[in-house]
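Enquirer: A single structure is presented below for examination.
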Amino acid sequence: MITTDLNLVIETLKKDDVVAIPTETVYGLAGNAFKDSSVEKIFQLKERPAFNPLIVHIAKPELLDQVATSIPPNAQLLADAFWPGPLTLVLDKKDQILDRVTAGKSTVAVRVPNHPLTLKLLQELEFPLAAPSANPFGSISPTSAAHVDAYFNERLSLILDGGPCRNGLESTIIGFEDNRPLLYRHGALAINDIEKVVGKVEINTKNDQSPIAPGMLSRHYAPKTSTILSKNPVEALETFSNKKIGLLSLQKIELSNIEIYQEILSTDGNLKEAAKNLYAALHRLDQMNLDLIIVPYFPDTGLGKTINDRLQRAIQK
Ligand code: TXA
Ligand code: MG
C-alpha cells in the first residue's frame with residue numbers, strides 16, 4: 001500500500017517489518033538496522049545475495065558514533081560538508097552492528113539521507129534504518145513510489161510516498177585507507193565536489209572478482225530490454241532499422257525519416273536534470289516491449305560520469 005501516514009510507517013517498523021522509504025537519491029527498502037529479523041526480511045524481499053552489505057541510514061551526523069568507530073579526519077570533513085545528502089561513507093563498524101548488515105565485513109556503510117519525510121521518520125525512531133535500493137537485485141533503482149509498487153506490490157506492506165526522488169541516482173560511496181579517500185561507487189554527488197573538500201580521490205570502482213561494493217558488479221542497474229551504448233546513435237539506428245527501437249538521450253536528436261520513441265532527459269542538456277530523470281525514463285522504455293534501447297554516451301564530466309557508469313552496467317551481460 002502506498003501511504004503518506006508516517007505513524008503507520010513507524011508502527012510497522014517497530015514491529016520489525018520492512019517498508020519502502022523515499023530518499024533524495026532513490027527509494028530504499030528499510031528495516032530496523034539493529035534487528036536481525038528485519039534485516040533478513042530485506043534480503044529475502046530483494047533476493048539479494050548475503051555477501052552484499054546494506055547502507056545504514058541515520059537521523060543526523062551526531063549519531064555516527066552509534067554505528068562507526070575510529071572516524072578518519074577526512075570522513076568527518078565529508079560528513080560535515082555533505083550530510084544530509086547523497087554521500088555514503090564506509091567506516092570501521094561498531095561491535096554491535098549486525099554481521100548481516102555488513103555481510104561479515106569489519107566496515108559499515110552509513111549516510112544521513114536528505115529527504116524531509118524520511119529525516120522526520122528517522123528522528124522519531126530509536127534505531128537507524130538499514131536500506132538498500134528498493135528494487136529486486138540487479139534491476140533499475142526506483143525513483144517513485146509507483147516504481148516500488150510495480151516491483152513488489154502485495155509482497156511489501158507499506159510504501160511511504162515522498163514524491164519523485166530529487167537526485168535520481170544512488171549515493172556516491174567513499175571508503176578510506178587510513179585517511180586516504182577512495183571512490184567505491186560513482187553516485188549523485190559528483191567526484192569533483194568531493195575533491196574540493198578532501199583533495200584527490202582515488203577511483204576504485206572496477207573490481208568484479210572480489211567486489212568491495214557489489215554496486216561494482218558489472219551487470220547491475222539493468223533494464224530487461226537489450227540496451228546498447230553508442231558513440232554514434234544515428235548509425236546504430238540505421239544498423240537496427242528493422243527493429244522496434246527506443247532512444248534515450250540527454251538532448252533531442254534530430255532524425256530525418258526515422259520514426260522512433262525518444263526519451264529526452266534534459267532539453268537544455270543539464271546533467272543534474274538528466275540524472276533526476278534517468279531511471280524513470282529507463283523504466284518507461286523497459287515497459288514498451290521494445291527490441292532494443294539505444295543510448296548515446298553522456299559527457300564524461302560531473303554527473304555524466306555516474307550516468308555513463310550506470311549505463312555501462314546496464315548493458316553488460
Ligand atoms: O542512495 C543510496 O545509496 C540508496 C538509498 C536507499 O540510500 N541505497 C543504495 O543501497 O543504493 P544499495 O544496497 O542498492 O547499494 C549499497 C551499496 C552496495 O553496492 C554495497 O555493496 C555497498 O553499498 N556497501 C555497503 N556496505 C559496504 C561496505 N561495508 N563496504 C563497501 N561497500 C559497501
Ligand atoms: Mg541498489
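Enquirer: Rolling a 1.4 Å sphere over the protein heavy atoms, what is the accessible area per residue of region 227-314, to the nearest Å²?
Expert: Heavy-atom SASA per residue in region 227-314 reads 50 Å².
Enquirer: Related question: With a sphere of radius 14 Å drawn around the Cβ of ASN289, what net charge do the other residues whose Cβ falls strictly inside it have (Lys, Arg +1; Asp, Glu -1)?
Expert: Details: positive: LYS224, LYS243, LYS244, ARG284; negative: ASP286, ASP291.
Its environment carries a net charge of +2.
Enquirer: Which of the chymotrypsin sites (Phe, Trp or Tyr not before Pro) across region 217-317 are loop residues per DSSP, with 10 or fewer other Cβ within 10 Å?
Expert: Filter output for region 217-317: empty list.
Enquirer: Could you work out [θ]222 nm for the chain from helices alone, using -39500 (n - 2.57) per DSSP H run of at least four and dividing by all its residues? Round to the nearest 500 deg cm²/dmol.
Expert: -8500 deg cm²/dmol
Enquirer: Continuing with the same structure: Please check the chain for the longest run free of GluC sites (Glu not before Pro) that are loop-located per DSSP (anything but H, G, I, E, B) and have at most 14 other Cβ atoms within 10 Å.
Expert: Details: sites that count: GLU47, GLU126, GLU254, GLU259.
Between exposed loop sites, the widest span is 127-253.
Enquirer: Another question about this same structure. Which of the listed residues, PHE51, HIS115, LEU63, is farthest toward the dipole's positive end in region 5-116, when Lys, Arg count +1 and Asp, Glu count -1 at the beta-carbon?
Expert: PHE51
Enquirer: Can you check what the net charge comes to around LEU250, using other residues whose Cβ is under 13 Å from the Cβ of LEU250 (Lys, Arg +1; Asp, Glu -1)?
Expert: Here the count lands on -1.
Enquirer: Please give the charge dipole size of the chain, origin at the Cα centre, charges +1 on K and R Cβ atoms and -1 on D and E Cβ atoms. Round to the nearest 20 debye.
Expert: Roughly 440 debye, rounded to the nearest 20.
Enquirer: Then there's this: Over the chain, what is the mean sequence separation of C-alpha contacts under 8 Å (at least six apart), divided by residue count, expressed as relative contact order in percent?
Expert: Relative contact order of the chain: 20 percent.
Enquirer: Once neighbouring chains are kept in place and the probe is 1.4 Å, which whole percent of the accessible area of region 227-314 is contributed by carbon and sulfur?
Expert: Here carbon and sulfur together make up 45 percent of the probe-accessible area.
Enquirer: So what is the relative contact order for region 227-314, in percent, with contacts set as C-alpha pairs under 8 Å and at least six apart?
Expert: This gives 39 percent for region 227-314.
Enquirer: Add +1 for every Lys or Arg and -1 for every Asp or Glu among the other residues with Cβ under 13 Å from the Cβ of THR306, and state the total. Walk me through the numbers on the way to the answer.
Expert: Values: positive: ARG185, LYS272, LYS276, LYS305, ARG310, ARG313; negative: GLU170, ASP193, ASP300, ASP309.
Taking every other residue near THR306 into account, the sum is +2.
Enquirer: Okay, moving on. List the trypsin sites (Lys or Arg not before Pro) in region 39-101 that DSSP assigns to loop (not H, G, I, E or B) and whose Cβ has at most 16 other Cβ atoms within 10 Å. Which are they? Mind showing how you got there, number by number?
Expert: Values: sites: LYS41, LYS46, LYS93, LYS94, ARG100; in loops: LYS94.
Counting only loop positions with at most 16 other Cβ atoms within 10 Å, the trypsin sites (Lys or Arg not before Pro) in region 39-101 are LYS94.
Enquirer: Something else now. With a cut-off of at most 13 other beta carbons within 10 Å, and DSSP calling the residue loop, which chymotrypsin sites (Phe, Trp or Tyr not before Pro) in region 30-76 qualify? Please list them.
Expert: PHE51
Enquirer: Using θ = phi - 60° and the Karplus form 6.51 cos²θ - 1.76 cosθ + 1.60, what ³J(HN,Hα) does each residue of region 258-273 get, whole Hz, x for Gly and Pro?
Expert: Once θ is set to phi - 60°, the couplings for region 258-273 become 10, 9, 9, 7, 10, 9, 10, 7, 7, 4, 9, x, 7, 5, 5, 5 Hz.
The values are calculated or read from the model by the stated rules, or taken from the named source; none is laboratory data. The shown structure was predicted, so the numbers you read here are calculated from the model rather than taken from an experiment. Here the Cβ is made from the backbone with ideal geometry for all residues, glycine too, and neighbour counts use every protein chain on show. For the accessible areas, the whole protein counts, side chains as well, though only heavy atoms, and no ligand, DNA or RNA atoms are used. Shrake-Rupley method; radii C 1.70, N 1.55, O 1.52, S 1.80 Å.
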